[in-house]
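Q: The structure that follows is given in the form of structure tokens.
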Amino acid sequence: DGSYRQNRLNLTTLLVQPISAVLAKKLVSLPEDVIQKDRCIPLQMPATGKKIISLSIQSITTYKTISNVIGYLKGTVFPDRYIVIGSHHNSLNTYGGQEWASSTAIITAFIQALMLKVKRGWRPDRTIVFCSWGGTSFGNIGSYEWAEDLKRVLQRNVVAYVSLHNPVRGNSTLHPVASPSLQQLAAESQSFNCVEKTKCLGSNVSSVQIQGDADYFINHLGVPATQFSYEDIKTSENSTFLYEALFPVHTTNTEELDPSFSLHETIAKLTGQVTLQIANEPVLPFNALDIALEVQNSLKGNFCDEVVIPQLLAVASRLRDTAELFQSDEMRPANDPRERAPVRVRMLNDVLQNLEKSFLVHRAPPGLYRNILYRLDERTNQFSVLLEALEHCKLHQSNETIQAALSEVLNSISSAQVYFKAGLDVFETTLAGKK
């Protein structure tokens with residue numbers, strides 16, 4: 001209520017009309033009599049003749065109410081710091097199948113388990129916010145509008161986002177995804193929850209873009225995020241940024257994927273363990289050095305010889321040195337209970353929760369993400385913005401785009417390095433004054 005809805009008559013009422021694969025084949029395939037059955041023929045228009053296509057659209061534009069369900073468990077030590085856990089419930093459309101049921105089941109089980117502890121007098125140190133989003137399949141409308149309304153508060157107070165978007169979409173591979181500062185925590189949780197040590201996989205945590213409602217928190221607020229899910233085919237096989245526009249496929253019933261609900265139980269344990277560690281540890285379990293290492297790894301690859309300038313490599317090296325100093329001089333002493341001064345812990349946590357905000361670029365190319373620490377897929381390790389700019393440069397024989405992308409990446413790395421350095425300076429000044 002109260003949001004302004006822009007009414008522009010020059011906007012088209014139809015952006016894309018999906019058609020079936022069967023109809024597409026009729027429109028663009030060669031006639032059946034020339035197709036050889038023993039090999040694949042690329043789809044193409046017939047060499048002769050014209051096809052007149054008449055498409056009747058019967059869509060009606062209407063407003064619908066989309067609701068979020070939000071609950072919270074208030075923290076006792078840092079009540080103004082939030083860990084957000086996000087799932088989603090069924091949308092207005094009827095083709096969503098049961099993909100929402102898994103996330104709803106897991107977040108409900110986790111809340112029930114926490115409430116048993118609360119009844120015995122337990123409370124987390126930091127506030128845990130439980131969110132069931134509406135409108136996910138229409139472009140994450142529920143989470144986007146909620147976070148947009150509360151942007152100023154969330155930017156200051158949210159320390160992490162734990163995603164439960166479609167957590168059981170297969171039953172063969174556990175696929176953990178985390179932002180660089182949370183990769184170590186995700187890997188440790190995965191190892192801790194592995195019962196049969198001989199069959200446990202090694203750490204395979206990656207920083208590919210998380211689908212669904214985590215988007216606003218990652219790409220507009222710069223909040224560290226993590227997600228555990230079971231899959232049959234890795235997300236790297238599919239593009240992620242237009243997943244809500246794809247044709248719905250046959251959704252396998254939850255009972256078929258996980259008849260004993262053991263996969264759901266594993267996801268619930270992993271999600272719960274990560275959430276409780278972030279909520280309860282005096283010093284946030286974030287790793288500054290891992291961000292610097294991720295940056296250096298993202299500057300390796302095929303484009304280095306053509307694109308990466310010495311200045312970029314130099315500032316990445318300085319970032320690593322500063323992060324390493326920060327990790328050893330500030331993180332380790334603060335984790336020692338004998339040296340854990342409350343003012344030091346609070347200052348350190350303020351620095352840690354904002355580690356990734358430096359890597360939000362203002363103007364990301366179409367199809368790419370504002371948070372450059374995340375990759376489009378697992379097949380590439382380099383910065384997506386630099387790869388895209390290089391392709392544009394080759395196509396248009398102009399280096400203007402590549403220079404703009406280099407500037408964005410350079411500014412992000414420099415900003416992060418200065419941020420770490422400023423944090424160290426503040427610690428030195430404050431603690432020297434107290435002594």
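Q: Name the single residue, out of those in region 358-384 being at pLDDT below 85 and of a type in the set (A, V, I, L, M, F, W, C), that is nearest to Asn204 (Cα to Cα).
A: Leu376
Q: Taking the residues in region 352-374 that are closer than 16 Å to Gln211 by Cβ and outside any strand (DSSP E or B) as candidates, determine which candidate is nearest to the chain's Cα centre (by Cα).
A: Initially, region 352-374 is screened for residues closer than 16 Å to Gln211 by Cβ, giving 367-371, 374.
With the extra rule that they be outside any strand (DSSP E or B), the set shrinks to 367-370, 374.
Details: Gly367: 15, Leu368: 13, Tyr369: 10, Arg370: 11, Tyr374: 8 Å.
Filtering first and then ranking leaves Tyr374.
Listed here are the residues, each with its yes/no results for (1) open to solvent by 20 Å² or more (accessible area, probe 1.4 Å); (2) over 30 Å from Glu294 (Cα atoms); (3) in contact with a His (Cβ under 8 Å, 6 or more places away or on another chain); (4) not assigned by the TED database to the domain that holds Glu231.
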residue	(1), (2), (3), (4)
Ile106	no, yes, yes, no
Leu116	yes, yes, no, no
Pro124	no, yes, no, no
Trp133	no, yes, yes, no
Ser137	yes, yes, no, no
Ile141	yes, yes, no, no
Val159	no, no, no, no
His165	no, no, yes, no
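Q: Restricting to region 230-285, and then to whatever is surrounded by 12 or more Cβ atoms within 10 Å (Cβ to Cβ), acidic (Asp, Glu) and part of a helix (DSSP H, G or I), can you tell me which residue is modelled with the highest pLDDT?
A: Glu265
Q: Then there's this: So Ser54 clears everything in (1) assigned by the TED database to the domain that holds His264; (2) at pLDDT below 90 except one condition, right? Which one?
A: Just one mismatch for Ser54, condition (1).
Q: I would also like to ask the following. Specify which of the listed residues (Leu348, Leu387) is open to solvent by 20 Å² or more (accessible area, probe 1.4 Å), more than 17 Å from Ala292 (Cα to Cα) and assigned to a helix (DSSP H, G or I). Lay out the reasoning, then the answer.
A: Working: Leu348 fails: open to solvent by 20 Å² or more (accessible area, probe 1.4 Å).
The conditions single out Leu387.
Q: Within region 397-411, is even one residue more than 30 Å from His175 (Cβ to Cβ) and at pLDDT 90 or above? Give the derivation first.
A: Looking only at region 397-411, we keep the residues that are more than 30 Å from His175 (Cβ to Cβ), and these are 397-404, 406-407, 410-411.
Next cut, at pLDDT 90 or above only: 410-411.
Yes - at least one qualifying residue is present in region 397-411.
The values are calculated or read from the model by the stated rules, or taken from the named source; none is laboratory data. All of these numbers come straight from a predicted model, not from anything done at the bench. Glycine also receives a Cβ, built like all others from the backbone with ideal geometry; neighbour counts cover every protein chain displayed. The accessibility values were calculated without ligands, DNA or RNA, using every heavy atom of the protein model including side chains. Shrake-Rupley method; radii C 1.70, N 1.55, O 1.52, S 1.80 Å.
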